[in-house]
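What follows is a single structure, written as structure tokens, with notes after it.
Since every read-out is calculated from the coordinates, none of them should be taken as a lab result. Source: prediction; values computed, not measured. Every residue, glycine as well, gets a Cβ built from its backbone with ideal geometry; the counts of neighbours run over all protein chains shown.
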Ligand code: ADE
Ligand code: ZN
Ligand code: ZN
């Protein structure tokens, strides 16, 4: 996701933390909100010292297959990255600076895990090579899902987050079920549908935004609620 998508995820998660997780996060993040630190992993991309983390934001494997059965990248992927982050943050013997770094990475990556084009296929770099128009401006299928769709609502991340936070306890529990493998495969299936939603050169706008509004909101909501689950378990 772009900035707004990550902040929405953080904003939703913030409202579903246990007392223990809140205290641990408050300490490690120096009082900053999940929304505030959620974009850190993108901010460091400009610094070449962090180039080894660039493959951590996504995973590509053939459509119609499961992550567990796929060939793994030697550079790592979003799933191996999330596992490393959980290990690093969970080990209190690690120094504080490292734990904070991997915690901020984790908060970002659970968001990206729910952007369907981040659980994608290699041929077109997760839709980056599929050029389309968005309200008459050049874009691509990946970018449409990272930010064009979200920005078309003209809502702030707090407005969107508050909107998507309205969920019953039963619904929340259901969304929080499963493992990161289930979650990445779920995104991967949606990604497959999205490859049928747009072809190179398509002119996308209101109709596209309307058609995929539900999928977009549901993925943002899942990202937020599941981020809370991961953090609650980590600091239990
Ligand atoms: N580069 C290659 N594949 C990608 C993907 N799925 N998402 C973002 N960047 C990528
Ligand atoms: Zn990212
Ligand atoms: Zn992206």
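Using only the Cα atoms of region 48-168, build the gyration tensor, take square roots of its eigenvalues as a ≥ b ≥ c, and label the shape rounded, prolate or oblate: rounded if a/c is under 1.5, else prolate if a/b is larger than b/c, else oblate. Because a/c hits 1.5 or more and a/b fails to exceed b/c, region 48-168 counts as oblate.
Output the peptides 94-103, 63-72 sorted from most to least packed, where packing is the average of other Cβ atoms within 10 Å over each peptide's residues. Please list the in-between numbers first.
On the way: 94-103: 15.8, 63-72: 12.2.
Highest to lowest by the protection proxy: 94-103, 63-72.
Taking every DSSP helix (H) stretch of at least 4 residues in the chain, weighting each as -39,500 (n - 2.57) and dividing the sum by the residue count yields a mean residue ellipticity at 222 nm of -16000 deg cm²/dmol. Anisotropy class assigned to region 100-205 is prolate, per the alpha carbon gyration tensor with a/c at or over the 1.5 cut-off and a/b larger than b/c.
Distance between the pseudo-spin-label points of residue 65 and residue 27 (7 Å out from Cα toward the beta carbon): 4.3 nm. FRET efficiency for the residue 18 to residue 125 pair, using the beta carbon distance and R₀ = 35 Å, is estimated at 0.35. Against the longest alpha carbon principal axis of the chain, how many degrees, from 0 to 90 and to the nearest 10, is the axis of helix 206-234 turned? So the inclination is approximately 20 degrees. Taking Cα atoms only, the orientation of helix 19-28 departs from the longest principal axis of the chain by about 90 degrees. Take the Cα radius of gyration of the chain and divide it by 2.2 N^0.38 Å, N being the number of residues; the result is 0.98.
Over all directions, average the projected area of the Cα convex hull of region 16-64 and note it in nm².
Numbers: hull surface 23.5 nm².
With the hull built on Cα positions only, its mean projection is 5.9 nm².
Computing FRET efficiency as 1/(1 + (r/R0)^6) for residue 45 and residue 159, where r is the C-beta to C-beta distance and R0 is 25 Å, gives about 0.40.
Taking the chain as the reference, fit the longest principal axis to its C-alpha atoms, fit the long axis of helix 96-112 to the helix C-alpha atoms, and give the angle between the two in degrees, 0 to 90, nearest 10. Taking the Cα atoms of the chain, the angle to 96-112 is about 30 degrees.
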